[in-house]
Each structure stands twice: as structure tokens, then as C-alpha cells.
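**Q** Here you go, one structure.
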Amino acid sequence: MSKAKIATCWLDGCSGCHMSLLDLDETLIQVARKADIVFGPLVDAQEFPEGVDVALVEGAVSSYDDQRLLQTIRRRSQVLVALGDCAVTGNVSSMRNGIPVKKLLERIYVQGAAEAQAVPSDGVPGLLKQAGPLHETVKVDLHIPGCPPKPDAIGFAVLELLEGRKPDMASKVKFG
Amino acid sequence: MAHQISIRIDGKLVKVSAGSSILDAALAAGKDIPALCHMKGLSAVGACRLCVVELAGVGRLLPACTTPAADGMSVTTVSQKLTKYRRMILEMLFAERNHVCSVCVSNNHCELQALAARLGVTNVRFAYSYPKLSADTSHPRFVLDHNRCILCTRCVRVCAELEGAHVWDVMSRGTGSRLVCDMNQPWGASKGCTSCGKCVQACPTGALAEKGWCVEEMAKQPARVSRLAVIRGGGQ
Ligand code: SF4
Ligand code: SF4
Ligand code: FES
């Protein structure tokens, strides 16, 4: 039997959800027996591959790049999981939403900077008007809230998905 | 002694005194109906609608805290339909303001957050409104953060009915509704506030907090305020 393909992705988040993923401890070995991790911050691959079985996405959708990547992930993945509060609710990433983008960038990179006061424009993706949860951009199949989500919730969800079942997360909810 | 009536709660026959609400009767029957705005000892206002129950022969759902129990009633407090609506209510509360649990002073001590976990709300299906809201830090000891307020009015009632100061009220309508201090003044300017802190302890979320606490540090004591209110003989 060929192994399943798992991809992970880090949009506008702090990488805490990925830390929690690493915190699966020995469950990681169980996961590794059944699946390969083919994309993500833990892997070298440059482009999101085709034919992914489970994609775990951390972070809110905050920039045009996030939006494009998320749409690619959706097209190329069987199951898309929103991993953590930023992906599920917008969380801390969305706290900027009440401030117009231009004002926000100027406050940080001009008024807030001691030197080189300029809003960066080269090689950085443009910010969307508001940062939001994944499901406001694409269809999401499963939500694992938590900041970060508990390793046992992630482990349970991933192992269930690899068995072809849809995990019932109702008893594992934790926001914050 | 008040005249006794019998009602059925989830099939179980319960005797309660006339004038009790369905919520009181359910409590007496050992049922824990989800509730946010209700606080024993204060008047019931039916603000949050989480306590909705099904009543045999009645087509719509009714809030248990404001519906009086009547002789012969048959009430259902747990069903798929109720869970569906209770989840929707929680989702609407989350979508209406900025509830960022991870940086909230009451993270892990919040009744709204705890109910989401209890009812299995894994995400909010309604579009978030991300309103631009302020925090009032003018009081020397306390803070009001509108981002976390669910307009349950527990603070309004505890201040008016128990402390007797009536500092709080709600102004405007719909999603524009806001908790206001006196005639919409900064809390610190209130002449009526005795700084007793009852509103802070009664608030189910991180909307009212003591100053000086960091994320996750503001645990509240609503049960103590509630006991005091009951001793003073407040409404149900
Ligand atoms: S501290 Fe006491 S008096 Fe002041 S607003 Fe709160 S309940 Fe009312
Ligand atoms: S400040 Fe707290 S107690 Fe007062 S209405 Fe808002 S959520 Fe309820
Ligand atoms: S507890 Fe009954 S409506 Fe809020």
C-alpha cells in the first residue's frame, strides 16, 4: 500500500500550531508509518504538490500570497484542515482588521521605526484589507481550534483522517 | 409556603413552587441548561437565549429563564434541535465582537469560551464583523473592554439590584448596542460607582476586569456575587 500524503502550511500565524504538531511525540511515529509529509515548513519542497490527502493549514489569510497559496492547496488536496485559532477564527492576526492597511503599515514602518523609515514594497506580498479565517476564502473540511491546538486533538484528527474517517471534534474543542 | 405545581422535565416529574421559572425547575431536577445572562438572585431578562427549551404543544423555542413553569407542562431541555440553535447563538455572539481568546485577560476562565467547548462549536459559520471597539481604562481599578462584551447585562443588574448604584445601562439598538456608564461617560468619571467590583465578578467574559492582570489571569467569582444576591432576597 502506498503511503498517504500530508502537507502542512504556515500562513499568517506564529508557527505555534506547527510546534504543537511536533508535540505529538510518539504519535508522530504512528503518523509517519502511514503517511509522508510532502510540503510545509518542515520539508524542502518549493511548490505545493498535486494529490495531497490531508493538508493542515496554520494561520489566517492575510495577504494576496496567502490567498493564492490557499486556493492552490484547496485544488490539490483531498481534505483541508484549518489548524488553530488563526486559521479557524482569524484570532490575533485579525486584530489589525479595524485599522486601514495604509495607516497600519505607516504606523509600524514609519512612525514606529527608529531608522530606515519606509513602508517595504519590494518582495513582500500585499496585505488584504482584513485578515480572516480560511473558510471565508475556501471550503474547509475540518476545524481544529486552539491557540495552539492541543497535540492530542491534532493527533486524533490526523489518525482518523488517515483511516478515511471524518473525525468528530465536538468533544475536543478549545479556543485560546 | 407557596403553592406547588408539577411539571415534566425531560420526562421526569418535578414539583416546584408556583412562580418558579422553567430554569429553576430544571435546576431542581438536576438539569444543567446552558445559560449566560442568567444569574441566580438577579432579575431574569432573557438576553442571551442560550437557555432555550422545547415545550410540548408549543411550536417555538422558549427561554427557560424567563418562562414561568405552569402545572402540567412538559419540557425538553436536551435535543439535537436545541443543540443546533444553542450553537448558532454562540456563533453569533463570537461573530458580533472581537473575541480573541488567546490574548484575553479571562482566557480559560470565560463562560462564553467554556460553553463553546461544552456544546462542541468548532468554528463560526457566520461572517465575523470585526467592529472597531474601544476599551474604557479611566477607572482607577477596573477596565471595560467592549471587544469582549456580549451584552448579557449581568453587570447592569448586579449594580442596580444588589449594589444599588445603577451605574451601567445599554444604549442604542441591534449590533450598535453598547454598554454605557451613567449617561455615556467614562467609568472613571462616575460619581455613583462605589468601586465595589461586583460588576467585574459577575461578568461572564473578559469584558470587565480588574487592572493589573495579564492574559489568562482574570478569574471571576460570579457564584459569590450570586449567593449574596440570593441572601438579599433578589428576584430569580
Ligand atoms: S464597581 Fe460596583 S458600583 Fe461600580 S459599576 Fe461595578 S457594581 Fe456598580
Ligand atoms: S460587560 Fe460583561 S456583564 Fe456587562 S453586559 Fe458585557 S459581558 Fe455582560
Ligand atoms: S439564560 Fe435565559 S436567555 Fe440567557
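Listed here are the residues, each with its yes/no results for (1) away from chain B (no Cβ under 13 Å); (2) not aliphatic (A, V, I, L, M).
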residue: A:N97; (1), (2): no, yes
residue: A:A116; (1), (2): yes, no
residue: A:H135; (1), (2): no, yes
residue: A:V140; (1), (2): no, no
residue: A:A153; (1), (2): no, no
residue: A:L161; (1), (2): yes, no
residue: A:S171; (1), (2): no, yes
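**Q** Only one of these conditions is not met by B:N98: (1) crowded, with 21+ Cβ neighbours inside 10 Å; (2) under 22 Å from B:A44 (Cα atoms). Which number is it?
**A** Single failed check for B:N98: (2).
**Q** It is to be established whether one or more residues within the range A:36-57 are closer than 26 Å to A:K129 by Cβ and within 14 Å of another protein chain (Cβ to nearest Cβ).
**A** yes
**Q** While we're on this one: Please state which of the following conditions A:V54 fails to meet, knowing it meets all the rest: (1) over 17 Å from A:I144 (Cβ atoms); (2) open to solvent by less than 10 Å² (accessible area, probe 1.4 Å).
**A** Here A:V54 meets the rest and fails (1).
**Q** I'm trying to understand the selection: among the residues of the range B:105-125, which are at the interface with chain A (Cβ under 7 Å from one of its Cβ atoms) and part of a loop (DSSP other than H, G, I, E, B)?
**A** Once the filter is applied, which keeps residues that are at the interface with chain A (Cβ under 7 Å from one of its Cβ atoms) and part of a loop (DSSP other than H, G, I, E, B), the range B:105-125 yields B:N107, B:N108, B:G120, B:V121, B:T122, B:N123, B:V124.
**Q** Which condition does B:L90 not pass, out of (1) hydrophobic (A, V, I, L, M, F, W, C); (2) open to solvent by 20 Å² or more (accessible area, probe 1.4 Å); (3) outside the structural domain of B:E217 (by TED's automatic domain parsing), if it passes all the others?
**A** All conditions are met except number (2).
**Q** Quick check on this structure: which one of B:R97, B:R86 is away from chain A (no Cβ under 12 Å) and either polar (S, T, N, Q) or under 18 Å from the mean Cα position of the chain (by Cα) (or both)?
**A** B:R86
**Q** Does B:M183 satisfy the condition of being away from ligand 3 (no atom under 16 Å from the Cβ), at negative phi and touching a Ser or Thr at 6+ places or on another chain (Cβ under 9 Å)?
**A** Judged against the criteria, B:M183 is not a match.
So that you can scan it fast, the table gives a plain yes or no per residue for (1) closer than 23 Å to B:L151 by Cβ; (2) more than 16 Å from ligand 1 (Cβ to nearest atom); (3) over 12 Å from the mean Cα position of the chain (by Cα); (4) not aromatic (F, W, Y):
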{"position": "B:I5", "(1), (2), (3), (4)": "no, yes, yes, yes"}
{"position": "B:R8", "(1), (2), (3), (4)": "no, yes, yes, yes"}
{"position": "B:K15", "(1), (2), (3), (4)": "no, yes, yes, yes"}
{"position": "B:K31", "(1), (2), (3), (4)": "no, yes, yes, yes"}
{"position": "B:L36", "(1), (2), (3), (4)": "yes, yes, no, yes"}
{"position": "B:L55", "(1), (2), (3), (4)": "no, yes, yes, yes"}
{"position": "B:R60", "(1), (2), (3), (4)": "yes, yes, yes, yes"}
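The values are calculated or read from the model by the stated rules, or taken from the named source; none is laboratory data. Just so you know, these numbers come straight off a predicted model, no measurement behind them. Neighbour counts run over all protein chains shown; Cβ positions are idealised from the backbone, glycine included. When the accessible area is computed, the model is the full protein with side chains, heavy atoms only, and any ligands, DNA or RNA have been set aside. Shrake-Rupley method; radii C 1.70, N 1.55, O 1.52, S 1.80 Å.
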